[in-house]
2 protein chains.
Amino acid sequence: MTEATPGRRGGRQLPTGDELRIWRDFIETTAALGSRLESRLQSDSSLSTGDYAVLLALTEAEGQAMRSSELAAHIGWERSRLSHHLGRMERRGLIRRQECATVPRGAEVLLTTAGAEAFKGATFPHLRAIRELFVDALTPDQIVAAGEIAAALRAQLDVLNRD
Amino acid sequence: MTEATPGRRGGRQLPTGDELRIWRDFIETTAALGSRLESRLQSDSSLSTGDYAVLLALTEAEGQAMRSSELAAHIGWERSRLSHHLGRMERRGLIRRQECATVPRGAEVLLTTAGAEAFKGATFPHLRAIRELFVDALTPDQIVAAGEIAAALRAQLDVLNRD
DNA sequence: ACCTACCGGTTGACGTGTCAATGATGCTAA
DNA sequence: TTAGCATCATTGACACGTCAACCGGTAGGT
């Protein structure tokens, strides 16, 4: 398992071979997991995970509507990304955009009935896929560990975000 | 931490709220980690992780060349994806393609000197980024756990791949 | 010989993501 | 007042990924 490397863990610049193997396995597997879920969602409901995130936010919003900027902040997207995505969703009839009465130059994003139905139909298979691909794959201990690992990685990302 | 849900863990169809929170945290954080590494590599060396994978494979290949199909199999990409990517890399002078002498209708992918230098310059900062963003973020136990989690998720992906 | 089926590789269409530039509109300070 | 300036949102250019269609050539069966 471990390697015959000189110690000095603190001063080392580069990952060891073991660490690198785990890194590759980890990042590739999580990426594969994400795209597998994406394709499950797609074939179950013709929605992407992006669509799902937008529809979820709108479904839970009061009046099933939000201003574009709020929506972007809520789901953690750049405005540009959201704008492109809303354009595609609008073409498919899942949402509508109209000028916002309260805020000047603001755009209100509305859930259409087609969008609400698409979301409703997607929820159950999506959650079931999460259970099958993630929850069922891991022991309860591993699920807890996964949460802690995610938290630690997130913390490090936040720390290094000051660059 | 835990929820006041009816037991019956075996028969449950959907993830609990706790499980769902961990899932979201996990998948979003790993995705963010991937894109952070992508942008580090980009700003350090003007390469994408795709470029890096291709250049790594070619660098380690005999004669710094491989047939397109072998290369695709080696890095686990679809042929179409590789073909598109090679087109972009060829435009940037990182690789060259020529007809393969031995295999009819085969395409040989060659590393150019520019490609070899780009890879050489990218390696160290890339490995350092992996250390900073992944290895340094976790305890040794967590790194081991991450490897086990990846293996378990991969196994489940493989099992469900018969559908 | 001919038809077919496969194989290696490319291409086109489209969805998705980032970055930088562009409107459009209100706010503030000379 | 008006010259900036920030803010909300969109747009265009491009990289990347998937899917399905395509092309050219070889191999097998009849």
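Per residue, the convex hull spanned by the Cα atoms of the stretch B:43-125 measures out at 89 cubic angstrom.
Ignore the peptide's own chain and count Cβ atoms of other chains within 10 Å of each Cβ in A:28-39; give me the average, rounded. All intermediate terms of the calculation are to be shown ahead of the outcome.
Working: counts 4, 12, 12, 4, 6, 8, 5, 0, 5, 2, 0, 0.
Mean shielding by partner chains, rounded to a whole number: 5.
Cut-off is 10 Å between beta-carbons; in what order do B:Ser48, A:Ser43 appear when sorted fewest neighbours first? Working shown, then result.
On the way: B:Ser48 16, A:Ser43 10.
Ascending Cβ contact count within 10 Å gives the list A:Ser43, B:Ser48.
Charge tally around A:Cys100: other residues with Cβ under 13 Å, Lys/Arg +1 each, Asp/Glu -1 each, net +1.
Distances between copies of A:Pro140, taken at a point 7 Å out from Cα along the Cα→Cβ vector and listed shortest first: 2.9 nm. Under 5 Å between amide hydrogens, built in the peptide plane, is the criterion, and for B:Thr112 it picks out B:Ile95, B:Arg96 among residues at least 5 positions away or on other chains. Scaled to the globular estimate 2.2 N^0.38 Å, the Cα spread of chain B, given as radius of gyration, is 1.36.
Can you compute the helix-only [θ] at 222 nm over chain A? Use -39500 (n - 2.57) per DSSP H run of at least 4 residues, normalise by all residues, nearest 500 deg cm²/dmol.
Computed mean residue ellipticity for chain A: -20500 deg cm²/dmol.
Each residue of the stretch A:58-66 was assigned a 3J(HN,Hα) from its phi angle through the Karplus curve 6.51 cos²θ - 1.76 cosθ + 1.60 (θ = phi - 60°); the sequence is 5, 4, 7, 7, 5, x, 6, 8, 8 Hz, with glycine and proline shown as x. Distances between copies of A:Gln13, taken at a point 7 Å out from Cα along the Cα→Cβ vector and listed shortest first: 5.7 nm. With label points built 7 Å along Cα→Cβ from the Cα atoms of A:Thr123 and B:Leu20, find their separation and express it in nm. The answer from the label model is 0.8 nm. Partner chain Cβ atoms within 10 Å, averaged over the residues of B:12-24 - can you pull that number for me? Neighbouring Cβ atoms belonging to other protein chains average 5 per residue here. Look at the alpha carbon pairs under 8 Å that are at least 6 residues apart: their mean separation over the length of chain B gives a relative contact order of 20 percent.
Set the Förster distance to 22 Å, then compute FRET efficiency between A:Cys100 and A:Glu62 from the Cβ-Cβ distance, nearest 0.05. Write down the numbers at each step before the final one.
Numbers: r = 14 Å, r/R0 = 0.64.
For R0 = 22 Å, the calculated efficiency reads 0.95.
Counting only other chain Cβ atoms within 10 Å of each residue's Cβ, the peptide A:124-130 averages 3.
Relative contact order, whole percent, for the stretch B:80-139 stands at 22, derived from Cα pairs under 8 Å and 6 or more residues apart. Debye-formula intensities of the protein assembly as shown, expressed as log10 I(q)/I(0) at q = 0.09, 0.16 Å⁻¹, are -0.60, -1.41 (one equal scatterer per alpha-carbon, no solvent). Coupling constants for the stretch A:93-101 follow from the phi torsions by the Karplus curve (6.51 cos²θ - 1.76 cosθ + 1.60, θ = phi - 60°), and in residue order they are x, 7, 9, 10, 10, 8, 5, 8, 5 Hz; glycine and proline get x. Label point of A:Arg97 (7 Å along Cα→beta-carbon): distances to the other copies' equivalent points are 3.7 nm, sorted ascending.
First select every other residue whose beta carbon is under 12 angstrom from the beta carbon of B:Gln42; then total the charges, Lys and Arg +1, Asp and Glu -1. Don't jump to the answer; show the numbers that get you there.
Details: positive: B:Arg36, B:Arg40; negative: B:Glu38, B:Asp44, B:Asp51.
Summing Lys/Arg as +1 and Asp/Glu as -1 gives -1.
Quick note: the coordinates plus some simple rules give every number you see, no bench work behind them. Just so it is clear, the model here is predicted, and its values are computed rather than measured. Glycine also receives a Cβ, built like all others from the backbone with ideal geometry; neighbour counts cover every protein chain displayed.
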